Every structure is written in C-alpha cells, then in structure tokens.
Amino acid sequence: MDRLRRSTVTVAAALAALLIAPAAAAQAQQTEYVALGDSYSSGSGAGPYTDAACQRSNKAHPALLAADLGAEFTFVACGGATTDDVLANQVQALDSGTDLVTIGIGGNDIGWTDAVIACITPFKNCTPAIEESERRATQELPAKLDAVYSEIESRAPDAEVLVTGYPRLFAARNTCDALGSISIAEQARMNQGADLLSGVIQAAAEDHGFTYVDVRDEFTGHEICSRTPWLHGFTILDVPYHPNAAGHASGYYPALLGAL
C-alpha cells in the first residue's frame, strides 16, 4: 500500500506540474503592445477620454484590441500628432520586448484638416487646398513615414507592425453636412484625396514589411451623410470629421483583427 500510495502521489504531482507549466508559460508570454499615432488612433471623437490633452479613449480601436488580446498595453497615440511628434514623443515607448505595434499617422503631415476646413467654408473653392495636401502626400510624406517606420524597426525589431489607414469621409450622395456647404462634387474630390493618401501610406508600410490595414471597405456605407454614419460630420458637440465609437468598434477593430 505504501508503494502504491507513493506512486499515486508521484503521478498526481506530475499531472499538476503539467497543468501549471502551460499557465505559467501563457502568463510569461503576455503580448507587449504599443499603440502609436494621431487622433484616429487615440480615439478623438469616440470619447470619453482617459487623457484629455491627447483625447485617448478606451473606445478607440487600440484599446479594444489590447483588451481582446489581454495585452500589456502602452497607449501613446495622441490627437494632433505628426510624424515628427511620433519620433519626438512616442517611439520611446518601444523596446526589444515589444511584440505588437499599431500606428496610424500621416493626415496631419499633409494638412488634411486645412483641406476639410476649406471645403466646409461657404463659397470657397477647396480644390487648391486638396491639391496641396495631395502634393505633400506624394512629395513629402513618404520620407517622413520612412523615418518613423525605420525607427520602429530599430527600437522593436521583433514586433509585428500594423499600419492603419484612413477612411473616406463622405458618402458623396447628398449635401447633408455643414449646412449643405460641401457639394457632392467636393465630397467626391475629398474622397479621391483620401484614396491617394491611403496609397502612399500602404506603399511606405509595405516597403518596410509592415502590414497595411485598409479600413475603407469597412466604412463603406457608413460615411458622413450615410444612414448610419461611423464618422462625425460638422459638429460643435464632438470632434468633427473623426470616427465615432461605432467607427472604432465596427470599422477599425474588425479590420485589425483580420490582419493579425
């Protein structure tokens, strides 16, 4: 009986060790995730904000992804950020232990907000402003993105990097937004600019072997002036021309999950 009892205890201990080891390994392998970028990544427009200055929201797609992964999460994306801001204030959050990086950046570098303001201004031709943004996107932005992506590679060499794009803003079917001041033709022209920006960002990301996450298909049918918009139009009650909480939860978030 003593020999049997000792054998039983030995087997039980071995089984316990087998059960404990995977749990400990899983805990040790917790994903280290860092989210970089501008207002479309921080959650401006999704609210409420855990950081008012940067308008970071727990309803933003990086926070949703981190919760789903059970990741160790560092959230440094900030509203208004440019590529220079990412290099000066955000990439320091990366290190050799970083497993996952998401970044959405570029819109502020090309003055896209100026183009939007020009288009919502009554009796103003906004085509020159859009063309200037497109010029900056094609002639200036690639080098700026290359600098940011190279720094990410240097600081987090083993990380998987997902680069998020921007949605088209308008349904371009009616003039519901900004008291009708944006014509259907202007909406369509702005969407063309958004497509050009997406192409520039995608090319730069793929040059570095990063995964580009295109959200335009997800937002199709949910643009400003659609029946169920996932973007704020002109408003003084929230952040205009940014995704709302539904845009992050049903637009960006599924696109990110599909890319992992």
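The values are calculated or read from the model by the stated rules, or taken from the named source; none is laboratory data. Please read all numbers here as calculations on a predicted model, not as lab measurements. When we count neighbours, we look across all protein chains shown, and the Cβ atoms used for this are built from the backbone with ideal geometry, even at glycine. We work out accessible area using only protein heavy atoms, side chains counted, and drop any ligands, DNA or RNA first. Shrake-Rupley method; radii C 1.70, N 1.55, O 1.52, S 1.80 Å.
Taking first residues from region 204-217 that are under 12 Å from L260 (Cα atoms) and partners that are open to solvent by 40 Å² or more (accessible area, probe 1.4 Å) and part of a strand (DSSP E or B), the Cβ contacts under 8 Å between residues at least 6 apart in sequence or on separate chains come to T211/E160. Among the residues making up region 30-55, a single one is of a type in the set (S, T, Y), in a strand (DSSP E or B) and under 24 Å from E153 (Cβ atoms): Y33. Of the residues S198, S250, S183, the single one that is among the polar types (S, T, N, Q) and crowded, with 19+ Cβ neighbours inside 10 Å is S198. Restricting E132, E206, E151 to residues that are among the acidic types (D, E), assigned to a helix (DSSP H, G or I) and more than 23 Å from the chain's Cα centre (by Cα) narrows the list to E132.
Filtering region 71-102 to residues that are of a type in the set (S, T, Y) and outside any helix (DSSP H, G or I) leaves T74, T82, S96, T98, T102. Residues in region 114-129 that are open to solvent by less than 80 Å² (accessible area, probe 1.4 Å) and not in a loop (DSSP other than H, G, I, E, B) were compared, and the one that is farthest from V200 (Cα to Cα) is I120.
Of the residues that sit in region 238-258 and are among the hydroxyl-bearing types (S, T, Y) and part of a helix (DSSP H, G or I), which one is nearest to the chain's Cα centre (by Cα)? Ranking the qualifying residues of region 238-258, first place goes to Y252.
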